[in-house]
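J.: Handing you a structure now.
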Amino acid sequence: MRQFMGQEVEFQCASAIDNLAAFYFNNITMGDAPTSPAAINLARNLAECPRLLPEILKTLFEIVLFEDCGNQWSLSRPMLSLILINEQMFTDLKAQILASQPADQHQRLALCFDKLMADITRSLDSKNRDKFTQNLTIFRHDFRVK
């Protein structure tokens, strides 16, 4: 029962993060200057906490890569949304993760990151999300192989 509750909480948290990140991506990153009060408020609040989204993305990557991840599907959704919001944030995180790994693994792991984003477009449509989820499953497996 406790494990189920943990997975349910994980799913709900991932869903909430994805809803906020997708809203930000669709209304602020890809849209013109935000006009709705919700978009303006979200942009302002996130501007006041510039490390929030990078820290969330870092935490999601750490869960996927270094923990027993029960449901990658639910985590892949906010991960893609966060990556698309700010690709430089993803590039910086990728460098951080690579730097934390043994030097002799950097080339192999960099290739894993390249494959993660293979055939991914700047869209949150279902087809793109599903492709990212597939890529993430392969990425996790390949990254963890020693």
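J.: Of the numbered conditions (1) touching a helix residue (DSSP H, G or I) at 6+ places or on another chain (Cβ under 7 Å); (2) β-branched (Val, Ile, Thr); (3) more than 30 Å from residue 8 (Cβ to Cβ), residue 91 fails exactly one; give the number of that condition.
T.: (1)
J.: Report yes if residue 109 is within 27 Å of residue 43 (Cα to Cα), surrounded by 13 or more Cβ atoms within 10 Å (Cβ to Cβ) and touching a helix residue (DSSP H, G or I) at 6+ places or on another chain (Cβ under 7 Å), otherwise no.
T.: Details: within 27 Å of residue 43 (Cα to Cα): no; surrounded by 13 or more Cβ atoms within 10 Å (Cβ to Cβ): yes; touching a helix residue (DSSP H, G or I) at 6+ places or on another chain (Cβ under 7 Å): yes.
Taking the combined requirement at face value, the residue does not satisfy it.
J.: Has the range 113-136 got any residue that is over 15 Å from the mean Cα position of the chain (by Cα) and modelled with pLDDT under 95?
T.: Within the range 113-136 (the criterion being over 15 Å from the mean Cα position of the chain (by Cα) and modelled with pLDDT under 95), the answer is no, since none of the residues qualifies.
J.: Could you tell me which residue of the range 33-85 is surrounded by the fewest Cβ atoms within 10 Å (Cβ to Cβ), considering only residues that are aliphatic (A, V, I, L, M) and in contact with a Lys or Arg (Cβ under 8 Å, 6 or more places away or on another chain)?
T.: My answer is 65.
J.: May I ask you to list pairs of residues, at least six apart or on different chains, whose Cβ atoms are under 6 Å apart, with the first in the range 107-123 being closer than 15 Å to residue 91 by Cβ and the second being aliphatic (A, V, I, L, M) and surrounded by 13 or more Cβ atoms within 10 Å (Cβ to Cβ)?
T.: These pairs meet every condition: 109/98; 122/84.
J.: How many residues does the range 123-146 hold that are of a type outside the set (Lys, Arg) and not in a helix (DSSP H, G or I)?
T.: 4
J.: Could you check how many residues of the range 43-84 are under 27 Å from residue 126 (Cβ atoms), among the aromatic types (Phe, Trp, Tyr) and free of Cβ contacts under 8 Å to residues at least 60 places away in the same chain?
T.: 1
The values are calculated or read from the model by the stated rules, or taken from the named source; none is laboratory data. Here the structure is a predicted model, which means the values were calculated and not measured. Virtual Cβ from ideal backbone geometry, glycine too; neighbours counted across all protein chains shown.
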